[in-house]
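The numbers here are math on the coordinates, done by the rules we state, and not lab data. Predicted, not measured: the structure shown is a model, and the values here were computed from it. Methodologically, a virtual Cβ is constructed for each residue, glycine included, from the backbone with ideal geometry; neighbour enumeration extends over all protein chains shown.
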Amino acid sequence: MIICGIDPGTRSTGYGILDINATSTSGIRYIAHGAIKPASRDMNARVKEIFIALTDILKLYRPSEVAVETSFYALNAQTALKLGQIRGAIILAPTLMDIPVFEYTPTEIKKATCGYGHADKDQIHSMVNTILNLPKGTVKSRDASDALAIGLCHTSSRRFRRLAT
C-alpha cells in the first residue's frame, strides 16, 4: 500500500511517499520525497500552486492514504491563518480524489519516529534516514524528511489500529 506523508508549509510543503507493504525487513520501502516551493509571493497564488502540485503528485504515485501534520499553535495569528489556508488545500486535494486523510500532531510524529515527543528537526532527519535505511544525503530537505516522518507515524498508527481490532 502506498501512502503519502505531507508536512504543510507556506513557503515549502514537504511530501514523502512510502510503500508500507514492502518485502523489506521493516515492511516499509522508501519511494520518493520532495518539497513543493511556490514561486508566488501572493498567498492565494501559493495556495493554488500547492494544490495543483500536490494533485499532480497524488496522480503520479496513487497513494491509498494520505497523512498530514496538524496545525501547531502559532504565536502569530496571521501565521496560523496562512498555514490553515495551506492545510485546507492540502486536505482538499486527496479528498477530491477519494483518498482518506489522516492527521497527526507534531508530538505524535516525533514520538513515532524518534521515541521522544520533543525531538528536533535534526533528530527527526537522522531517524528517518536510519529507519528507511537511506544513504546519507538522500533526503536533504528538512520539510521532506518531516513528511517522511509523518508517513512513518501513519504506518505505526495503522499497525496499532489493526492490532486493536
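Sorting Leu132, Leu18, Leu96 by the number of Cβ atoms found within 10 Å of their own Cβ, with the fewest placed first, yields Leu96, Leu132, Leu18. Please find the FRET efficiency linking Met43 to His118, where r is the Cβ-Cβ separation and R0 is fixed at 35 Å, and quote it to the nearest 0.05. Result of the calculation: an efficiency of 0.70. Between Glu65 and Cys4, the built amide H atoms are under 5 Å apart, and every one of these is 5 or more places off in sequence or on another chain. Within the same chain, lysines fewer than 8 places from Lys37 are excluded, and of the rest, those with a Cα less than 17 Å from its Cα are Lys48, Lys82, Lys140.
Farthest towards the positive end of the charge dipole of the chain, among the residues Ile150, Leu134, Thr113, is the Cα of Leu134, using unit charges on the Cβ of Lys, Arg, Asp and Glu.
Kindly state, to the nearest 0.05, the FRET efficiency for Ser157 paired with Ser126, given R0 = 25 Å and r defined as their beta-carbon distance.
It comes out at approximately 0.70.
For the chain, adding -39500 (n - 2.57) for each run of n ≥ 4 DSSP H residues and dividing by the number of residues yields -16500 deg cm²/dmol at 222 nm.
Each Cα pair under 8 Å and six or more residues apart adds its separation to the average, and for the chain the resulting relative contact order is 30 percent.
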